[in-house]
Every structure is written in structure tokens, then in C-alpha cells.
């Protein structure tokens with residue numbers, strides 16, 4: 001048994017340089033390879049996480065700006081519709097006022113507007129009116145046309161008896 005102990009002792013003493021070499025290699029590996037590699041990986045992870053955070057922040061800012069733009073767009077559309085509605089009301093009121101003003105102008109020229117028709121086609125409206133003479137009718141059409149938003153075309157109409165009289169005078 002003593003021989004076994006001696007053999008084990010000599011093996012142990014012979015293994016000390018190998019153990020020292022192994023320890024030196026492990027320490028060298030940690031200092032030369034694992035340490036720099038770990039530091040590089042840590043830096044890359046920080047850069048990646050930083051880039052991810054920056055990207056998420058940029059996305060959040062873009063979504064915020066998009067929401068602000070959508071809100072401004074809705075407000076602008078609402079304002080446009082509101083202004084359009086006000087204009088429509090104003091135009092309707094002006095149209096009613098213009099028709100009443102035309103009736104009063106016809107009466108002041110000595111005539112009368114019997115009817116007003118909205119028409120489709122070349123003319124927007126037709127008045128059926130009666131004046132005592134051509135001068136009164138001309139006064140009315142000139143005063144109405146001078147407003148600038150109306151153009152007039154006058155057509156003189158003849159009743160059936162007047163027509164027969166004109167045709168009778170041709171022979």
C-alpha cells in the first residue's frame with residue numbers, strides 16, 4: 001500500500017505543473033478572449049437596445065403627429081362644411097331678397113311680375129311680367145341688369161287678338 005501512496009504522491013507532484021498550466025490557460029482565456037468578447041457583446045446589445053428604443057420613440061412620435069394631423073384635418077373639414085353651410089344660407093337669403101327687390105323694382109317702374117320660374121338650360125330663371133309700355137319695361141330691365149349679377153333678355157309677347165290684327169294688316 002505504501003507503493004500505491006508513493007505512486008499517487010509522485011503523480012500528484014508530476015501533475016502540479018499541468019494544473020498550473022491549466023489554471024494559467026483558463027485565466028489567459030478569460031482575460032484575452034472571454035473578457036473582450038463579453039464586453040463587445042454587451043456593447044452590441046446596448047447599441048441594439050438603444051436603436052430599438054430610438055425606433056420605438058420615433059414610431060410613437062410619428063403616431064402622435066399622425067393623430068394631430070388627423071385632428072387638424074377633421075377640424076379643417078368641419079370648418080369648410082360650416083362655411084359652406086353659411087354660404088348656402090346666405091345665398092338662399094340673397095336669392096329671396098333679390099326676388100322681392102325685383103318685384104318692387106317692377107312695381108316702381110309701373111309694371112308687375114306675375115310669375116317667376118326656375119328653368120333648366122341656357123336661362124336660370126324666367127319672369128312673366130306686364131308693363132304699361134316698352135319704356136317702363138326697359139327701365140325695369142336696365143335697372144335690374146345694372147346690379148351686375150343679372151343679365152336680361154326681353155321678349156315681347158303678343159296676345160292672340162293682337163296677333164290676328166298684325167297678320168290681318170299684312171294682306
Practice prompt. For the range 89-108, enumerate the residues that are surrounded by fewer than 12 Cβ atoms within 10 Å (Cβ to Cβ) and at pLDDT 85 or above.
Written response: 89, 90, 104
Worksheet item: Taking the condition at pLDDT 90 or above, surrounded by 10 or more Cβ atoms within 10 Å (Cβ to Cβ) and touching a helix residue (DSSP H, G or I) at 6+ places or on another chain (Cβ under 6 Å), does residue 140 pass?
Response: no
Worksheet entry | Test: residue 21 is surrounded by 10 or more Cβ atoms within 10 Å (Cβ to Cβ) and either out of contact with any strand residue (DSSP E or B) (no Cβ under 6 Å at 6 or more places or on another chain) or part of a helix (DSSP H, G or I) (or both) | yes
Worksheet item: Pairs, please: C-beta under 9 Å, at least 6 apart or cross-chain, first residue at positive phi and at pLDDT 95 or above and in the range 55-81, second assigned to a helix (DSSP H, G or I) and surrounded by 10 or more Cβ atoms within 10 Å (Cβ to Cβ)?
Response: none
Discussion item. Give all pairs with beta carbons closer than 8 Å in which a residue from the range 29-46 that is on the phi > 0 side of the Ramachandran plot and loosely packed, with under 10 Cβ neighbours inside 10 Å meets a residue that is assigned to a helix (DSSP H, G or I) and modelled with pLDDT under 90; count only pairs at least 6 apart in sequence or on separate chains.
Written reply: none
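The values are calculated or read from the model by the stated rules, or taken from the named source; none is laboratory data. Computed from a prediction, not measured in an experiment: that's the story for all the values here. With ideal geometry, Cβ positions are generated from the backbone for all residues, glycine too; neighbour counts draw on all protein chains shown.
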